[in-house]
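The values are calculated or read from the model by the stated rules, or taken from the named source; none is laboratory data. What you are looking at is a predicted structure, and each value in this text was computed from that prediction instead of being measured. Cβ atoms come from the backbone with ideal geometry, glycine included; neighbour counts cover every protein chain shown. Just the protein is used for accessible areas: all its heavy atoms, side chains included, with ligands, DNA and RNA removed. Shrake-Rupley method; radii C 1.70, N 1.55, O 1.52, S 1.80 Å.
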Amino acid sequence: MTVALIVFVQALAWQAMFGTYHAKMEEVLSATDRNVAEIGPRGTVSTGETAAYLEFIPEGNVPVVLAPPRPAGEGPITISGGCVALKSLLLPCSPTPARVDVALDRRLQQLLHWNTEGGTYLKVVRAGHAELAELTEQSANTLAVVRADGGVPAVATLKEASYRAYPRGAQVRFPGEEWLTDGIPDRDQGRWIRLFGVLGTGILVLAIGLGGKAEFLRQGRALAPLTVLTGGHRVFRTSAAWAIVAPLALAALAGCVVAAWTARPVARPGMAYYVPWGLMATAVTVVLAVSVVMGLWAARIAGQQARSWRT
């Protein structure tokens, strides 16, 4: 029982290294404004298909293209779009490229945070749909759609339009959402480990409890004559508690302590947790409940045997 709990907690601790990252990412994304939609076409697409998609964008939604610095981390970050889009993002719209040192619009800040690294300043370029379609040919660039009034983009309409323009459609997501999607398998694995771990612990303690009950009943026949002297069956309950309940309870408590101690080296700085205490409490509760039920059941059957012995 103790070894089973240690193995269970070790699996949880190692999985938590990934699950905690997913939880942190989910917390960060839930706190951000979802007023930017990133468009990611599936497969290889042509400039003409992207130009057609830009024409299908619903009214009030305007596209921009964000290009990271080249070489990576050096030079300016380039953002291209029409005047309506640039002014909506609090950027200048001039015939020649303009330099901006501070991004004031929160939507633009999110785009820069999730899609670029480095960069010395922001280069603002006015461009039409044809120029934007050409810019999207480079996989490092990001095509995004914002509302001119600062609201939430029409995600459903943008997805529908993608299937009209692209052969395989496009992913329409919010900045950073792809990181959350990548962490879903780790989250699901952690949930399955919890489910099967608790079920396995319950089955294991049930098997141990049944074995202890059988052994107690085999030895309990020797206690039957004591009921004549004591005048009751309390001796069976006491014996069952010491023979069945106490060993399982001690194994559960010792397993939790040792498991928590052995899981400490797995922890990393910044992790929210590495031993889920609520789940550990559930496992201990399952062990204690099954052990108590087995003990009471064994005492009841032993009492019935004692009554038949007296008769």
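Near Thr78, the amide H atoms lying under 5 Å from its own belong to Ala67, Lys123; only residues 5 or more places off or on other chains count, and H is placed 1.01 Å from N. For Asp149 and Arg191, the difference between the fully extended length at 0.36 nm per residue and the C-alpha to C-alpha distance is 11.0 nm.
Once all protein chains are placed together, Asp101 keeps about 110 Å² accessible to a 1.4 angstrom probe. Counted by Cβ distance under 9 Å from Val172, the other residues give a net charge of +1, where Lys and Arg count +1 and Asp and Glu count -1. Counting only protein chain heavy atoms and rolling a 1.4 Å probe, the accessible areas of Ile193, Ile57, Ile203 rank, largest first, as Ile203, Ile193, Ile57. Magnitude of the charge dipole for the stretch 62-201, about its Cα centre and with charges confined to Cβ atoms of Lys, Arg (+1) and Asp, Glu (-1), is about 280 debye. Considering only Pro69, Gly150, Thr120, the residue lying farthest towards the positive end of the dipole of the stretch 52-172 is Gly150, judged by Cα position with unit charges set on Cβ. If the chain linking Val84 and Glu59 were pulled fully straight, counting 0.36 nm for each residue of separation and taking away their Cα-Cα distance, it would gain 7.8 nm. Count Lys and Arg as plus one, Asp and Glu as minus one, and take only other residues whose Cβ is under 12 Å from that of Ser80; the net charge is then 0. In order along the stretch 153-169, phi translates into HN-Hα couplings of x, 7, 4, 4, 5, 5, 5, 4, 5, 5, 6, 7, 9, 9, x, 10, x Hz, rounded to whole numbers, per the Karplus curve 6.51 cos²θ - 1.76 cosθ + 1.60 with θ = phi - 60° and x for Gly and Pro. Rounded to the nearest 0.05, the FRET efficiency derived from the C-beta distance between Thr262 and Arg42 at R0 = 41 Å is 0.35.
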